[in-house]
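To start, the structure itself, in structure tokens.
The values are calculated or read from the model by the stated rules, or taken from the named source; none is laboratory data. Just so it is clear, the model here is predicted, and its values are computed rather than measured. Neighbour counts run over all protein chains shown; Cβ positions are idealised from the backbone, glycine included. For the accessible areas, the whole protein counts, side chains as well, though only heavy atoms, and no ligand, DNA or RNA atoms are used. Shrake-Rupley method; radii C 1.70, N 1.55, O 1.52, S 1.80 Å.
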Amino acid sequence: MDKAQIRHIAELAELSLSSEEEEHLATEIGAILTYVAELEALDTTNVPPTTHAIRAAALEQSLRPDEVRPGLSHDDALAQAPKVLRDGFSVPSFVE
């Protein structure tokens with residue numbers, strides 16, 4: 001990709017680029033397009049389509065069972081609160 005193409009794309013996106021930025025982007029986007037061309041050249045005839053980058057078995061096991069477990073008691077939960085009001089946490093008002 002050359003600087004003229006970069007300049008045209010920048011104009012379409014209403015971006016102002018310095019000459020150094022144009023040069024940098026031309027190099028970077030050129031490298032990306034070269035890599036995409038390499039990927040397009042790969043034979044994927046026998047590769048089944050996928051919806052995720054990880055195995056389906058890993059997706060099925062990603063959540064733990066939903067089980068009731070003991071938590072803090074009411075008094076323990078309020079013990080470290082900076083301010084308690086009527087047996088609950090006191091927080092600053094943010095709605096008038």
query = Probe 1.4 Å, all protein chains in place: accessible area of Lys3 in Å², nearest 10?
reply = 60
task = Would you compute, from DSSP H runs of 4+ residues alone, the mean residue ellipticity of the chain at 222 nm, taking -39500 (n - 2.57) per run and dividing by the full residue count, rounded to the nearest 500?
result = -13500 deg cm²/dmol
query = Which one is right for this structure if P(r) over Cα pairs in 10 Å bins from 0, in percent is calculated from it: (i) 14, 35, 28, 16, 6, 1; (ii) 16, 50, 28, 5, 0; (iii) 11, 17, 12, 15, 15, 22, 9?
reply = (iii)
message = What distance in nm separates the two pseudo spin-label positions at Asp43 and Phe89, each 7 Å out from Cα along the beta-carbon direction?
response = 6.0
ask   = Among Val68, Val36, Val95, what's the order by accessible area (1.4 angstrom probe), most exposed first?
value = Val68, Val95, Val36
ask   = Gain in length, Thr34 to Ile54, computed as 0.36 nm per residue apart minus the alpha-carbon separation, to one decimal in nm?
value = 4.6 nm
message = Can you give me the C-alpha center-to-center distance between the range 1-15 and the range 73-94, rounded to a whole angstrom?
response = 57
request  = Go through the chain and name the chymotrypsin sites (Phe, Trp or Tyr not before Pro) that are in a DSSP coil and have 14 or fewer other Cβ atoms within 10 Å of their Cβ.
outcome  = Phe94
query = Got the relative contact order for the chain handy, in percent, Cα pairs under 8 Å and 6 or more residues apart?
reply = 16
Accessible area (Å², 1.4 Å probe, nearest 10) - His52 = 100
